[in-house]
Amino acid sequence: MYDPVVTLQRISKVYFRAGTEVSVLRDLSFSIPAGTFLAIMGPSGSGKSTLLNLMAGIDRPTSGVVVVAGTRLHELSEGDMARWRARHIGYVFQSYNLIPVLTAAENVELPLLLTHLSRSERTDHVKTALRLVGLGDRMDHYPRQLSGGQEQRVGLARAIVSDPTMILADEPTGNLDRESAEDILTLFGRLNRELGKTIVMVTHDPRAAERAQLIRHLEKGVLETPP
Amino acid sequence: MTLGRLIFRNTVRRPVRLLLTIGGLAMVVLAFGLIRLTLDQWQAGSRAALKNRLITVHAMSDELRLPLAYKDQLAVIPGVRTVHFGSVFGGVYQDPKQSFGSFAEQAATFFETYPEVVLSDAERLAFQQDRRGCIIGHRLAARFGWKVGEAITLKGTVYPGDWELVVRGIFRSTSPNVMGEGELYLHWAYANERLKTTEPDRADQVGWFVVRAADGINGQTVAEAIDASFANSSAETRTESEQAYFAGWVARSGALLRGLEWMSGIINGIALLVLVNALAMAVRERTREYAVIKTLGFQPRHLVSLVLGESLLLALLGGGLGLVLLFPAAQLYAVMTQDRGYVSSYLITAETIGACLSVMLLVGLLAAVWPAIRLIRMTTLEGLRHAG
Ligand SMILES: Nc1ncnc2c1ncn2[C@@H]1O[C@H](COP(=O)(O)OP(=O)(O)O)[C@@H](O)[C@H]1O
Ligand SMILES: [Mg+2]
């Protein structure tokens, strides 16, 4: 157990676009205790995805220190960072991002190819994960044969199948109808409560954010704790 | 599931593009294969030829004829063991398009001159004893369904008229590049006899003599002695070992051969472009999927193997299809490139197959380089933002 799971110290992120600097995150510091379900809210363009991607190890800060799961991320090479992601991060995308030519089960199995699990162990893990998200009967369906809500549940199964330290989700309900969104949020709640998973979810939907234990607002590059 | 399965599914995911790509590659392999067969055919003759077999032709041109009377002069030249002779017969069966090589040969010396011919003693005897007899290669027999004992009628082009022949034997060859298996051989004496009445001016002439040098005698010395003895006659001769004869033939076509080699290089360049184009399109379309795979923690080498695997699979599918088509195409090609009724039998050897597949393998490897580099350079974030 890593506690806190995430520690950010004096993070800033500056993009250079057409000769001008765009400062997205400014001198931001905070930490996330293990087992937290955190929602990050904020208007579009406020830097929520940027912040999440720094924690996910798919982006690097312009300055500052990022420690996630006990690892100083900004010091890792690309290859090491990829290996680190495979072990510690389960990422849920807004647009599901399933591989269209693979079945639900195969999509979920994909991250397990990076582990030392045997074929039958992999199959067991895949079944468990898909049953957990309520898709035990859709294993052999291709993404195009699933509804948006079902696709996102496969995406969630893919994120948890390798039992990562933390689940990061960028607007996971942004493309879903109300009912499917509720299903996903309920699953996040269960993963957090029953399995003790640390979850960080970016959203601009207040009803989604309410399902988290903790809400933080990102505005003008600064994190605020709500009153 | 394995990455191999993902490679396979990616490869077949756009069927039309898949067909166009492997179709394009197959055409290249087909053209490459036919060029190879042509080059092989030219060169194999000189490799397989017998060293102690000398060919004497008219010094001015292979196509001019020599007097039959030279036979006796040749026989007394020191070092000469046997003298055989023959001519192009140019027979046509039913339809001029269905042509094949046919030759009028002195029957008595034929088998000792061409030990490559594999035929039972009974069939040899039957051929030699029947003036109207002929022997045919097994490929020719298979082509027209001819059987031993069957009477066939050929229309003569070099020797005019209708010719009734009887098949007396169907042979195989131990060296098909020198003694083909798609040809017909009949008695020169029979052909010449008729010519004496129809075109007496052209009778008693032969296209070539084939002289076998005695064992332990230098063929070159004998060849020089032959040409010297006919020097300053009305028809001077050019004598070479069969090997040199074929080699000279290759050398005379040198520029053409080099041209063909160049062309095979160029068409393989086309294959490379076809494949690079198809791969680049596919990889671009799937940019986002590769970025997702990277996000999951896969390494650049995994992405390289996905692209390389797809490239090699496409190349081998195209190469395989090309090879399958090469067999019927080689037959068609042989008929279309016939020379005065002489149809080469293009043999698709293991080497030809190997050459086609190795070239495709190389094309597959090279084609993957650029798309793979682009994928490695792409950052995960850029890839995830990629639309489509
Ligand atoms: N690669 C980039 N280059 C330049 N600007 C970027 C890049 N990525 C994000 N930005 C800018 O950074 C800001 C924050 O982006 P993002 O983190 O995606 O916001 P959010 O997820 O809150 O909508 C936006 O103004 C966006 O235009
Ligand atoms: Mg965003």
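Computed values, structure above
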{"item": "Ratio of the Cα radius of gyration of chain A to 2.2 N^0.38 Å, where N counts its residues", "result": "1.01"}
{"item": "Area hidden from solvent between B and A (accessible, protein heavy atoms only, 1.4 Å, total, Å²)", "result": "2300 Å²"}
{"item": "Fraction of accessible area attributable to carbon and sulfur, the protein assembly as shown (%, probe 1.4 Å)", "result": "57 percent"}
{"item": "Where labels lie 7 Å past Cα in the beta-carbon direction, separation of residue A:7 and residue B:71 in nm", "result": "10.8 nm"}
{"item": "Residue A:124 paired with residue A:27, simple spin-label distance in nm, labels 7 Å along Cα-to-beta-carbon", "result": "5.3 nm"}
{"item": "Delta accessible area of at least 40 Å² on complex formation, residues of the stretch B:352-388, 1.4 Å probe, chain isolated as reference", "result": "B:381"}
{"item": "Assigned charges on the beta-carbon of Lys, Arg, Asp, Glu; chain B dipole about Cα centre (debye)", "result": "2360 debye"}
{"item": "Residue B:172 long-range amide H proximity, modeled H, under 5 Å", "result": "B:118"}
{"item": "Chain A: relative contact order in percent, alpha carbon pairs under 8 Å with at least 6 residues between", "result": "29 percent"}
{"item": "Among B:209, B:106, B:73 the positive-end extreme of the charge dipole of the stretch B:65-234 (Cβ point charges)", "result": "B:106"}
{"item": "Amide proton proximity set for residue A:63, modelled H, under 5 Å, gap of 5+", "result": "A:12"}
{"item": "With all protein chains modelled, accessible area of residue B:40 [1.4 Å, Å²]", "result": "40 Å²"}
{"item": "Cα-based shape type of the protein assembly as shown, given that a ≥ b ≥ c are square roots of the gyration tensor eigenvalues and the cut on a/c is 1.5", "result": "prolate"}
{"item": "Length-normalised contact order of the stretch A:23-144 in % [C-alpha pairs under 8 Å, at least 6 apart]", "result": "18 percent"}
{"item": "Where B:85, B:144, A:16, B:327 fall by accessible area, highest first, once all protein chains stay in place (1.4 Å)", "result": "A:16, B:327, B:144, B:85"}
{"item": "Residue pairs, from the table B:155/B:196; B:71/B:147; B:147/B:196, whose Cα atoms sit over 26 Å apart", "result": "B:71/B:147; B:147/B:196"}
{"item": "Alpha-carbon centroids, the stretch B:201-258 and the stretch A:39-116: separation in whole Å", "result": "79 Å"}
{"item": "Net charge dipole size for the protein assembly as shown [Lys, Arg +1 and Asp, Glu -1 on Cβ; Debye, nearest 20]", "result": "1820 debye"}
{"item": "Mean Cβ count within 10 Å, highest first, over the residues of peptides A:61-69, B:290-298, B:147-155", "result": "B:290-298, A:61-69, B:147-155"}
{"item": "Inter-probe distance in nm under a simple model that places probes 7 Å from Cα toward Cβ, at residue A:75 and residue A:18", "result": "4.0 nm"}
{"item": "Anchor residue A:127: lysines whose Cα lies under 25 Å away (excluding residues fewer than 8 positions away in-chain)", "result": "A:197, B:294"}
{"item": "Residue mean of other protein chain beta carbons inside 10 Å, A:94-101", "result": "5"}
{"item": "Simple Cβ-charge dipole of the stretch B:65-234, Lys/Arg +1 and Asp/Glu -1, about Cα centre, in debye nearest 20", "result": "300 debye"}
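The values are calculated or read from the model by the stated rules, or taken from the named source; none is laboratory data. Here the structure is a predicted model, which is why all the values come from computation and not from measurement. With ideal geometry, Cβ positions are generated from the backbone for all residues, glycine too; neighbour counts draw on all protein chains shown. Each accessible area value is taken on the protein alone, full model and side chains, heavy atoms only, with ligands, DNA and RNA left out. Shrake-Rupley method; radii C 1.70, N 1.55, O 1.52, S 1.80 Å.
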